[in-house]
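Below is one structure, written out as structure tokens, with a few remarks after it.
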Amino acid sequence: RHKASVHKKAKNVTIMVAEVAEVQYEDMLKHNTSADCWMSIHGKVYDVTPFLDMHPGGAEVMLEVAGKDATDSFEDIGHSNAAKKQVEDKCIFKGTLVGAPEKKSRSKSGGSSSGGEGVGITKIIFPVVVMGVLACLVQKFM
């Protein structure tokens, strides 16, 4: 534990700062069953085993990401603020995730960052605009 000393109006106040445990990625991977289910969300590792039976989407949904970084799955569902608070209230915080492999970047349009997959807005708008221009030209000159 670390101690910090703060001076305020000539009074000496000591504040205790709790150390946050670190959870190695390899260790988290081992906790991937319904009897022992951990996952990380936004770099924080939680034991979600007590919450499996309470999860509105069912335990199966959570077990799909058991032992893994569940941040993307958690955010893709669009959980409410109340659901985000439930993670803090009903799950057991184990520590901060360390040693995780880097994630592949995701583009804001939802496709891959390479541009080769997914449907970007330009892939939809450009053909529509071209067809509109062609239709106007055909109508004008025919």
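How many residues does the stretch 55-103 contain that are without any contact (Cβ under 8 Å) to a residue 60 or more places away in the chain, farther than 15 Å from His42 by Cβ, open to solvent by 60 Å² or more (accessible area, probe 1.4 Å) and not in a helix (DSSP H, G or I)?
Residues flagged as without any contact (Cβ under 8 Å) to a residue 60 or more places away in the chain, farther than 15 Å from His42 by Cβ, open to solvent by 60 Å² or more (accessible area, probe 1.4 Å) and not in a helix (DSSP H, G or I) within the stretch 55-103 amount to 5.
Considering only residues of the stretch 24-36 that are open to solvent by 70 Å² or more (accessible area, probe 1.4 Å) and in contact (Cβ under 8 Å) with a residue 40 or more places away in the chain, which is farthest from Gly99 (Cα to Cα)?
Residue satisfying both the conditions and the ranking: Glu26.
For the stretch 37-50, check the following and say yes or no: at least one residue is farther than 21 Å from Lys103 by Cβ, surrounded by fewer than 18 Cβ atoms within 10 Å (Cβ to Cβ) and either touching a helix residue (DSSP H, G or I) at 6+ places or on another chain (Cβ under 9 Å) or among the hydrophobic types (A, V, I, L, M, F, W, C) (or both).
Yes: one or more hits.
The values are calculated or read from the model by the stated rules, or taken from the named source; none is laboratory data. These numbers were taken from a predicted model, which means no experiment stands behind them. Quick reminder, even Gly has a Cβ in these numbers, built from the backbone with ideal geometry, and neighbours come from all protein chains shown. Accessible surface areas use protein heavy atoms only, side chains included; no ligands, DNA or RNA. Shrake-Rupley method; radii C 1.70, N 1.55, O 1.52, S 1.80 Å.
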